[in-house]
Amino acid sequence: MRTGAAAGHTGYFHEAVLYDSPEHLLAVVVPFLLDGVAAGEPTMVSFGERHTALLRSALPPRSGVTFLAGGDVYARPSAAIRSYRQLLADQVAAGATQIRIVGELPPVAFGRSWDWWSRYESAINHAYDDFPLWSMCLYDTRSTPPEVLTDVVRTHPRTATPDGRHLPNEVYTAPEVYLREPRPVAPDPLQRGVPLVELVDPTPAQARAAVHAVATDHVGADEVDDLSVAVSEAVTKALRHGRPPVRFRLWAGDGRVVVTVGDAGTGPTDPYAGLLPARNVACGGLGLWITYQSCDHVAMQRGPDGFTLRLTTGDPNAT
């Protein structure tokens with residue numbers, strides 16, 4: 001039996017907390033957590049170091065709240081979804097009828113990689129709806145960019161307030177709609193220069209060879225291997241499902257490598273592409289999901305000339 005504002009709700013109860021002070025944060029989060037513990041529900045926190053310390057100081061000793069490793073969970077969107085789904089499945093298997101989690105994305109998510117984190121916030125409305133989850137996602141209105149806050153209220157059905165209200169967000173947009181909208185993608189400064197490699201209709205092997213030939217001088221061996229896998233999947237998908245010509249471009253510098261793979265087609269039709277494994281695995285739908293877990297940022301861009309996938313290994317926010 002579910003408790004609190006989510007009582008009677010089936011599936012995922014997803015809320016944002018738009019706070020403007022530590023007191024505001026604690027006024028929402030502490031009762032949420034303590035009520036969960038009192039109800040015998042698995043109750044968890046996934047914060048960075050600063051807010052973990054703040055919350056620990058506000059909770060009673062041996063509060064019963066579990067603290068997760070927030071930085072590890074939010075390394076990449078698809079990995080976060082995979083990790084949380086396993087966590088939720090384990091809790092339900094152990095008998096949980098409601099699970100409470102409060103979390104926050106790391107500040108680096110609000111830079112050039114926000115497009116894939118905004119897709120994450122939208123997609124989890126579907127991805128976690130198999131579970132009796134009630135979660136709160138925290139955003140500091142003093143430091144979060146306005147365009148990010150605009151996406152937050154569109155991807156969270158409700159906002160929780162310090163006075164105990166749970167207000168519906170009237171601009172909330174269902175993921176099947178939101179994820180199909182064109183997303184603004186900030187350009188990488190490396191793309192202002194001439195590509196170090198440019199290929200037309202390459203084979204996957206040629207694309208992998210180009211990555212190994214150039215990327216080794218800029219990122220570590222493991223990162224080169226991961227990017228090589230991602231590039232191979234992207235080129236294979238473009239050749240099979242896109243429209244010619246397929247264009248491969250590679251830039252490198254400042255400790256990162258940026259690759260674009262484009263074709264004249266319209267890109268994947270699945271709104272959850274990359275974030276969740278495709279339903280029809282027999283048709284090769286795992287490629288983009290693998291790519292999302294092999295890079296530090298993946299951006300999808302649609303335009304009059306077709307579809308382009310941009311893959312970044314290294315810090316996507318570096319200047």
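The values are calculated or read from the model by the stated rules, or taken from the named source; none is laboratory data. Note that the structure is predicted; figures quoted are calculated from it, not measured. Ideal geometry is used to build each Cβ from the backbone, glycine not excepted, and the neighbour counts take in all protein chains shown.
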Problem set entry | Number of the condition not met by Arg82 [criteria: (1) among the basic types (Lys, Arg); (2) exposed (fewer than 15 other Cβ atoms within 10 Å of the Cβ); (3) part of a helix (DSSP H, G or I)] | (2)
Problem set entry | Failed criterion for Leu138 (all others in (1) under 16 Å from the mean Cα position of the chain (by Cα); (2) farther than 14 Å from Glu15 by Cα; (3) surrounded by 13 or more Cβ atoms within 10 Å (Cβ to Cβ); (4) in contact (Cβ under 8 Å) with a residue 40 or more places away in the chain hold) | (2)
Seminar exercise, completed: Going through the range 195-245 in order, the residues found to be in a loop (DSSP other than H, G, I, E, B), within 27 Å of the chain's Cα centre (by Cα) and more than 18 Å from Asp296 (Cα to Cα) are Gly242
For this session: Looking only at the range 153-171, decide whether some residue is at positive phi and of a type outside the set (A, V, I, L, M).
Result: yes
For this session: Output yes when any residue across the range 126-142 is modelled with pLDDT under 95 and in a helix (DSSP H, G or I), and no when none is.
Result: no
Problem set entry | Conditions (1) outside any strand (DSSP E or B); (2) modelled with pLDDT of 95 or more: number failed by Arg249 | (1)
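Which residues, counting only those in the range 104-120, are closer than 10 Å to Val185 by Cα and within 8 Å of the chain's Cα centre (by Cα)?
In the first step, residues of the range 104-120 are kept if they are closer than 10 Å to Val185 by Cα; the result is 112-116.
Selection gives Trp116 alone.
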Problem set entry | Matching entry among Pro184, Pro146 (being out of contact with any helix residue (DSSP H, G or I) (no Cβ under 9 Å at 6 or more places or on another chain) and not aliphatic (A, V, I, L, M)) | Pro146
